[in-house]
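Worksheet for the structure shown next.
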Amino acid sequence: GAVWGKGPSARELVRGLIETGAIADPLVRDEAARLYVEGEMLRLLALRAFSDGMHAKPAGPEGAARKMLAAPHGQRVLELAKRTQGAAGLVEGVQPFEASRPGAHTVFDDWDYSYWFSPGITLGVGTQEMLRNIVAERVLGLPRDGDPTAKKPWSQTVERETVGAR
């Protein structure tokens, strides 16, 4: 799902685009295909993490990669759904597609709510900059970003910046 694994997914987006005929536009079709493939990659990463947990294996680097990719992916899924609605996408309560999952009635099943909530997801899992640093340093083994104030007490760092600004 687009919001913390819940709500609309790329599969539901593609299904809805086919049902409404919006998939006929080649640009929409290309973007939907990319989102579908990305969604399947995230689904497989989630299944791998679940399998590792079931077999008592420690979490691997794919967890950080999944977190880094999931929030922007969900935002793009929801953005394409709203964009293909046209002006109707601006009206509150007008859903782009029929409910894809019968019996699933949470706030995240509402495409509007998910769309407006999705920017907050990038902060809920950690900012994209933090996640990229984690992947770069711990997964790819790249050196840490240089920080000239790393070994100085906070009070000296603040004093120096204040004195330099005068």
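The values are calculated or read from the model by the stated rules, or taken from the named source; none is laboratory data. Everything numeric here is computed off the predicted structure, so don't read it as measured data. Positions of Cβ are backbone-derived with ideal geometry, glycine not excepted, and every protein chain shown enters the neighbour counts. Heads up: the accessible areas ignore ligands, DNA and RNA and are worked out on the full protein's heavy atoms, side chains in. Shrake-Rupley method; radii C 1.70, N 1.55, O 1.52, S 1.80 Å.
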In the set Ala71, Ala64, Ala22, the lone residue that is among the aliphatic types (A, V, I, L, M), more than 12 Å from Ala2 (Cα to Cα), surrounded by 16 or more Cβ atoms within 10 Å (Cβ to Cβ) and at pLDDT below 90 is Ala64
Tabulated pairs, the stretch 82-110, first at positive phi, second in a helix (DSSP H, G or I) and at pLDDT 60 or above, C-beta under 8 angstrom, 6+ apart or interchain: Gly93/Asp112
For the stretch 1-13 the number of residues that are open to solvent by less than 90 Å² (accessible area, probe 1.4 Å), closer than 13 Å to Ala81 by Cα, touching a helix residue (DSSP H, G or I) at 6+ places or on another chain (Cβ under 7 Å) and not in a loop (DSSP other than H, G, I, E, B) is 2
Take the conditions modelled with pLDDT of 90 or more and in a helix (DSSP H, G or I) and apply them to Leu45. Does it pass? no
Which numbered condition trips up Val163, out of (1) at pLDDT below 65; (2) within 27 Å of Glu62 (Cα to Cα)? (2)
Take the conditions within 12 Å of the chain's Cα centre (by Cα) and either open to solvent by 20 Å² or more (accessible area, probe 1.4 Å) or more than 18 Å from Pro119 (Cβ to Cβ) (or both) and apply them to Leu17. Does it pass? no
Ser100 vs (1) at pLDDT 85 or above; (2) assigned to a loop (DSSP other than H, G, I, E, B); (3) open to solvent by less than 90 Å² (accessible area, probe 1.4 Å): all pass except (1)
Scan the stretch 53-78 for residues that are over 23 Å from Met130 (Cβ atoms) and assigned to a helix (DSSP H, G or I) and report the count. 2
With the checklist (1) open to solvent by 100 Å² or more (accessible area, probe 1.4 Å); (2) within 16 Å of the chain's Cα centre (by Cα) in hand, flag the one item Glu38 doesn't pass. (1)
Among (1) farther than 15 Å from Gln85 by Cα; (2) in contact with an Asp or Glu (Cβ under 9 Å, 6 or more places away or on another chain); (3) not hydrophobic (A, V, I, L, M, F, W, C), which single condition is Gly16 missing? (1)
